[in-house]
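Undergrad: Got a structure here, written out as structure tokens. Questions coming.
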Amino acid sequence: MGPDQALYVVATPIGNLADMVPRAVEVLQCADLVAAEDTRHSQRLFSHFDIDTPLVAYHDHSDDQRTARIIERLEAGETVALISDAGTPLISDPGYRLVREARNRGIRVVPVPGACAFVAALSAAGLPSDRFTFEGFLPAKSGARARTLEQLAGEERTMVFYEAPHRVADTLDAMAEAFGEHREAVIARELTKAFETFHMAPLAELAAWVRADSNQQRGEIVLMVRGAERKAGATLDDESQRVMKLLMAELPPKRAAAVAAEITGVNKKVLYNWGLEQK
Ligand code: SAM
């Protein structure tokens, strides 16, 4: 029996074909249609797993008509699977418009999870992973990249980036400039493939290490950077700070903290300590 009628969002391997999950093979074999980022690229995956389901090209620049035709087939009761060249669709890959349109029309959308480069990288990097931010690709132009990095300088969560090999050395230099040369970072390269590499070092050292070895400027790359050290006082959100400032102009800190706690719901002691730090 084939999969139930729906749009299936199917992850495919990021290098090692043995990472293809059995459910993904089954869904792709049984679907009526597979929408793929690059049909020629996906043909290789299909040959390997004996899949002969018809393929159509789909990317986010596809015209509305192409999205509409896929939606029509879903509404006619067909099963469609969406794949990208590698990894999980919609993660720095096409699919958002199709998924959004399917959901708007009440069509069931089912994920078939599997490989994703940033999850694999983070899971083995040795940087804090309890909270992180996935930034995808940085802007290609150096000015825009520097501005984006500047905005991230105070980010306290581990930051995860995708980067093209010919830009990795320049990006690491720009990160050292924006975040400080001592900030710890990890490069994860060619995950699940023959030359899989992880290397952790402070940003300036990591940039020099990558520059000194052209092999590190090849293949597919995830960069991860430790978040900024937490600053005293940074624990209070902007609105609570505003309320505390207004109240402290009129009341002693203890009373200001008590009233602010009523207004904001933030713990009285946290507000009081913040108030004392402002003196
Ligand atoms: N959708 C994919 C995913 O789930 O990870 C990402 C697609 S994005 C267009 C391609 C980027 O992902 C590459 O430039 C690289 O930054 C990262 N990537 C993909 N495969 C990788 C691998 N095997 N090792 C390291 N990074 C990889």
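Undergrad: How many residues does the range 72-93 contain that are at negative phi, open to solvent by 20 Å² or more (accessible area, probe 1.4 Å) and within 15 Å of the ligand (Cβ to nearest atom)?
TA: From the range 72-93, those at negative phi are 72-76, 78-86, 88-89, 91, 93; that's our starting set.
Now drop any that are not open to solvent by 20 Å² or more (accessible area, probe 1.4 Å), which leaves 72-73, 75-76, 78, 85-86, 88, 91, 93.
When the remaining residues are screened for being within 15 Å of the ligand (Cβ to nearest atom), the result is 85-86, 88, 91, 93.
Matching residues across the range 72-93 total 5.
Rundown of residues vs (1) within 16 Å of the chain's Cα centre (by Cα); (2) under 21 Å from Glu37 (Cα atoms), yes/no style:
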site	(1), (2)
Val99	no, yes
Arg105	no, no
Val109	no, yes
Ala115	yes, yes
Phe118	yes, yes
Ala125	yes, no
Ser129	yes, no
Thr133	yes, no
Pro139	yes, no
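Undergrad: So which residues in the range 211-226 are away from the ligand (no atom under 16 Å from the Cβ) and surrounded by fewer than 17 Cβ atoms within 10 Å (Cβ to Cβ)? So that I can check it myself, show each step before the final result.
TA: Taking the range 211-226 first, the residues away from the ligand (no atom under 16 Å from the Cβ) are 211-214, 226.
Passing the criteria: Arg211, Ala212, Asp213, Ser214.
Undergrad: So Ala140 fits all but one of (1) within 16 Å of the ligand (Cβ to nearest atom); (2) more than 15 Å from Gly219 (Cβ to Cβ); (3) outside any loop (DSSP other than H, G, I, E, B); what number is the exception?
TA: For Ala140, the exception is condition (3).
Undergrad: If you check Ala208, Ala261, which single one turns out to be open to solvent by 30 Å² or more (accessible area, probe 1.4 Å) and small (Gly, Ala, Ser)? Lay out the reasoning, then the answer.
TA: Values: Ala261 fails: open to solvent by 30 Å² or more (accessible area, probe 1.4 Å).
Being open to solvent by 30 Å² or more (accessible area, probe 1.4 Å) and small (Gly, Ala, Ser) holds for just one of Ala208, Ala261, which is Ala208.
Undergrad: While we're looking at this one, here's another question. Could you tell me how many of the residues in the range 216-243 are over 25 Å from the mean Cα position of the chain (by Cα) and either farther than 30 Å from Asp130 by Cα or among the basic types (Lys, Arg) (or both)?
TA: Result for the range 216-243: 3.
Undergrad: Look through the range 110-128, keep the residues that are assigned to a loop (DSSP other than H, G, I, E, B) and more than 10 Å from the ligand (Cβ to nearest atom), and return whichever of them is nearest to Ile14 (Cα to Cα).
TA: Of the residues in the range 110-128, the ones assigned to a loop (DSSP other than H, G, I, E, B) are 113-116, 126-128.
Then keep just the ones that are more than 10 Å from the ligand (Cβ to nearest atom); that gives 113, 126-128.
Numbers: Pro113: 13, Gly126: 21, Leu127: 21, Pro128: 23 Å.
Per the stated criteria, the residue is Pro113.
Undergrad: Run down Phe134, Phe161 and say which single residue is assigned to a strand (DSSP E or B), open to solvent by 40 Å² or more (accessible area, probe 1.4 Å) and either at negative phi or at pLDDT below 95 (or both). Can you show your working first?
TA: Details: Phe161 fails: open to solvent by 40 Å² or more (accessible area, probe 1.4 Å).
Checking each option against the conditions leaves just Phe134.
Undergrad: Give me a count of the residues in the range 264-278 that are touching a Pro at 6+ places or on another chain (Cβ under 8 Å) and open to solvent by 50 Å² or more (accessible area, probe 1.4 Å). So that I can check it myself, show each step before the final result.
TA: Taking the range 264-278 first, the residues touching a Pro at 6+ places or on another chain (Cβ under 8 Å) are 272, 275-276.
From what is left, the residues that are open to solvent by 50 Å² or more (accessible area, probe 1.4 Å) are 272, 276.
Residues in the range 264-278 being touching a Pro at 6+ places or on another chain (Cβ under 8 Å) and open to solvent by 50 Å² or more (accessible area, probe 1.4 Å): 2 in total.
Undergrad: Can I ask one more? Could you say which residue among Glu181, Glu205 is at pLDDT 95 or above, in contact with a strand residue (DSSP E or B) (Cβ under 7 Å, 6 or more places away or on another chain) and closer than 30 Å to Gly126 by Cα? Steps first, answer last, please.
TA: Numbers: Glu205 fails: in contact with a strand residue (DSSP E or B) (Cβ under 7 Å, 6 or more places away or on another chain).
One residue alone meets the criteria, Glu181.
Undergrad: If you don't mind, another one. Considering each residue of the range 73-96, count those that are more than 13 Å from Ala36 (Cβ to Cβ), over 17 Å from the mean Cα position of the chain (by Cα) and touching a residue at least 12 places away in the same chain (Cβ under 8 Å), and give that number.
TA: Matching residues across the range 73-96 total 6.
Undergrad: Look through Glu135, Glu150 and report the one residue that is of a type outside the set (A, V, I, L, M, F, W, C) and within 12 Å of the ligand (Cβ to nearest atom).
TA: Working: Glu150 fails: within 12 Å of the ligand (Cβ to nearest atom).
Selected residue: Glu135, the only one of Glu135, Glu150 that is of a type outside the set (A, V, I, L, M, F, W, C) and within 12 Å of the ligand (Cβ to nearest atom).
Undergrad: Something else about it: Just the residues that are in contact (Cβ under 8 Å) with a residue 24 or more places away in the chain and either under 18 Å from Leu90 (Cα atoms) or open to solvent by 10 Å² or more (accessible area, probe 1.4 Å) (or both), please, taken from the range 32-50.
TA: Here is the first cut: in the range 32-50, the residues in contact (Cβ under 8 Å) with a residue 24 or more places away in the chain are 32-38, 41-42, 45, 48-49.
Passing the criteria: Asp32, Val34, Ala35, Ala36, Glu37, Asp38, His41, Ser42, Leu45, His48, Phe49.
Undergrad: Still on this structure, I have one more. Inspect the range 11-24 for any residue being more than 27 Å from Gly219 (Cβ to Cβ) and out of contact with any Pro (no Cβ under 7 Å at 6 or more places or on another chain) and give the result as yes or no. Spell out how you get there, then give the answer.
TA: Restricting attention to the range 11-24, the residues satisfying the condition of being more than 27 Å from Gly219 (Cβ to Cβ) are 22-23.
Within this subset, residues satisfying the condition of being out of contact with any Pro (no Cβ under 7 Å at 6 or more places or on another chain) are 22-23.
Checked the range 11-24: at least one residue is more than 27 Å from Gly219 (Cβ to Cβ) and out of contact with any Pro (no Cβ under 7 Å at 6 or more places or on another chain).
Undergrad: Within the range 116-127, identify whether any single residue is among the polar types (S, T, N, Q) and open to solvent by 60 Å² or more (accessible area, probe 1.4 Å), and answer yes or no.
TA: Pass one, the range 116-127, residues among the polar types (S, T, N, Q): 123.
From what's left, open to solvent by 60 Å² or more (accessible area, probe 1.4 Å): 123.
For the range 116-127, residues among the polar types (S, T, N, Q) and open to solvent by 60 Å² or more (accessible area, probe 1.4 Å): present.
Undergrad: Go through the range 227-258 residue by residue and tally those that are closer than 30 Å to Glu181 by Cα and open to solvent by less than 30 Å² (accessible area, probe 1.4 Å). Don't jump to the end; show me each part of the working.
TA: Our first condition is that a residue be closer than 30 Å to Glu181 by Cα; within the range 227-258, this holds for 227-238.
Now drop any that are not open to solvent by less than 30 Å² (accessible area, probe 1.4 Å), which leaves 227-228, 233, 236.
The total comes to 4.
Undergrad: Across the range 6-25, which residue is nearest to the ligand (Cβ to nearest atom) among those that are surrounded by fewer than 16 Cβ atoms within 10 Å (Cβ to Cβ) and touching a residue at least 24 places away in the same chain (Cβ under 8 Å)? Even if it seems obvious, please write down each step before you answer.
TA: Of the range 6-25, the ones surrounded by fewer than 16 Cβ atoms within 10 Å (Cβ to Cβ) are 16-18, 22-23.
From the residues that got through so far, the ones that are touching a residue at least 24 places away in the same chain (Cβ under 8 Å) too are 16-17, 23.
Details: Asn16: 8, Leu17: 12, Arg23: 17 Å.
Residue satisfying both the conditions and the ranking: Asn16.
The values are calculated or read from the model by the stated rules, or taken from the named source; none is laboratory data. Since this is a predicted model, take the numbers as computed values, not measurements. FYI the Cβ positions are ideal-geometry reconstructions off the backbone, even for glycines, and counts take in every protein chain you see. Heads up: the accessible areas ignore ligands, DNA and RNA and are worked out on the full protein's heavy atoms, side chains in. Shrake-Rupley method; radii C 1.70, N 1.55, O 1.52, S 1.80 Å.
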